[in-house]
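What follows is calculated from the coordinates using simple rules that are stated; it is not laboratory data. Just so you know, these numbers come straight off a predicted model, no measurement behind them. Every residue, glycine among them, receives a Cβ derived from its backbone with ideal geometry; neighbour counts consider all protein chains shown.
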Amino acid sequence: MQAIVIHKIGAFSIEEVPLPIPAQQEVCVRVAVTGVCRTDLKIIEQGHRDLVLPRIPGEEVVGTVEAVGPLTDTTWLGKRVYIYPGTACGACPACQSGADNLCRSMQIMGFHRDGGFASHVVAPVKSLIALPDTLSFESAVFAEPLSCCLNGLERADLQAGERLAIWGAGPAGTLLARAARQRGAEVTVIEPDPRRRERAGGVDLLAKTEYFDVAIPAVGSPEAYQQALAALAPRGRLVAFSGLSPSDAPHILNLNTLHYLEQRVTGAYGCAFRHGEEALRLIASGAIQVNDLISHRLPLKDLAEALALVRTRAGMKVLLTP
């Protein structure tokens with residue numbers, strides 16, 4: 001099969017590799033659509049804490065189960081599925097508390113094991129979520145990024161009627177805004193890019209007197225974090241949703257401000273399996289619209305073009321097909 005393979009940081013190649021064979025309690029999924037995000041750009045160009053090479057990337061994957069491994073439930077054959085990208089132990093305190101994304105034994109598709117930038121991918125049965133019959137593959141592939149947003153809002157403990165500010169109106173920032181409004185929050189989006197700002201109904205800058213109950217930078221920018229902290233109301237909550245470079249991360253927080261204003265900072269990394277289930281329900285019901293965010297559809301061989309679109313923010317959601 002044809003696949004994108006990373007052998008070293010800073011480069012990738014399109015290669016013919018053997019069709020993966022599912023082991024016990026695994027299936028082989030024929031990939032229908034994969035989403036491209038800034039994390040894919042990061043792992044290819046800069047690497048990532050969780051990346052193990054060589055690797056086929058791609059963690060936003062939907063498709064059809066084409067084969068099952070030994071002693072595996074054959075009723076999965078032919079089913080349309082979303083693949084939750086994580087594989088957790090299920091027994092540790094994090095897993096038992098519903099935070100399987102924080103499992104110390106977590107194996108992530110596209111990082112620790114091969115992902116969906118290929119015609120086929122192997123996945124554990126326990127990572128599969130069957131798609132509703134009425135849901136298209138293109139809509140369903142948003143389950144992974146929306147799941148991450150649902151986790152971020154959960155970590156924020158966002159309540160109806162609260163004021164939320166989101167920095168960045170890319171796919172993640174837009175999904176955060178839509179999910180927050182669906183929960184009854186009052187949302188302001190800050191976005192310097194006029195194209196994205198107009199789509200999101202956002203603003204360029206905040207007034208110095210505007211303060212928010214919750215602030216979420218949905219872009220890995222030190223300036224966004226500094227602005228978010230400055231706009232946080234007393235007892236407000238900041239969600240560290242987007243990672244920063246190791247050189248920038250240690251210089252953001254002023255602990256005295258947190259002390260005097262009784263503010264809270266919490267992290268949000270990835271998503272749990274249950275967030276995937278919730279995301280698919282929200283998309284399938286029409287509670288959260290996603291298809292208008294698709295700006296480009298490209299074949300797998302055009303990954304370089306897809307990454308350029310993400311790097312330059314020239315589009316919104318870029319989808320790849322094998």
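Here the ratio of the Cα radius of gyration of the chain to 2.2 N^0.38 Å is 0.99. Of E26, E277, E262, the residue with the greatest mean-square motion in the GNM of the chain, using alpha carbon springs below 10 Å, is E262. In this structure the amide hydrogen of F212, modeled in the peptide plane, comes within under 5 Å of the amide hydrogens of L232, A233, none closer than 5 places in sequence on its chain. By the beta-carbon count within 10 Å of each Cβ, the least crowded to most crowded order of D133, D50, fewest first, is D133, D50. For the range 116-133, the residues whose amide N sits under 16 Å from a probe point set 7 Å from the Cα of D73 along the beta carbon direction are 123-132. For the range 209-220, putting each phi into the Karplus relation 6.51 cos²θ - 1.76 cosθ + 1.60 with θ = phi - 60° gives couplings of 9, 8, 10, 10, 5, 9, 10, 9, x, 9, 8, x Hz, in residue order, rounded to whole numbers and with x for Gly and Pro.
Taking the centroid of alpha carbons for each part, the range 22-49 and the range 218-243 are 28 Å apart. Each of D100, D292 has some number of other Cβ atoms within 10 Å of its Cβ, and from fewest to most they run D292, D100. Reducing the range 97-138 and the range 147-187 to their Cα centroids gives an inter-centroid distance of 23 Å.
Less than 5 angstrom separates the built amide H of G86 from those of M109, all sequence-distant by 5 or more or on a different chain. Could you state, as a whole-number percent, how many of the C-alpha pairs of the range 152-267 are farther apart than 16 Å? That tail contains 56 percent of the Cα-Cα pairs.
Arranged from fewest to most other beta-carbon atoms within 10 Å of their beta carbon, D213, D157 become D157, D213. Only DSSP H runs of four or more residues enter the estimate; each adds -39500 (n - 2.57), and after division by the residues of the chain the mean residue ellipticity at 222 nm equals -7500 deg cm²/dmol. Calculated FRET efficiency, A160 to C89, Cβ-Cβ distance, R0 = 30 Å: about 0.30 to the nearest 0.05. Between the listed residues G173, P222, G243, the Cα displaced farthest toward the positive end of the dipole of the range 152-267, a dipole computed from Cβ unit charges relative to the Cα centre, is found at G173.
For the pair D248 and R274 in one chain, pulling the backbone fully straight at 0.36 nm per residue adds 6.1 nm over the alpha carbon distance.
For the range 152-267, averaging the sequence separation of C-alpha pairs within contact (under 8 Å, six or more residues apart) and dividing by the residue count gives a relative contact order of 25 percent.
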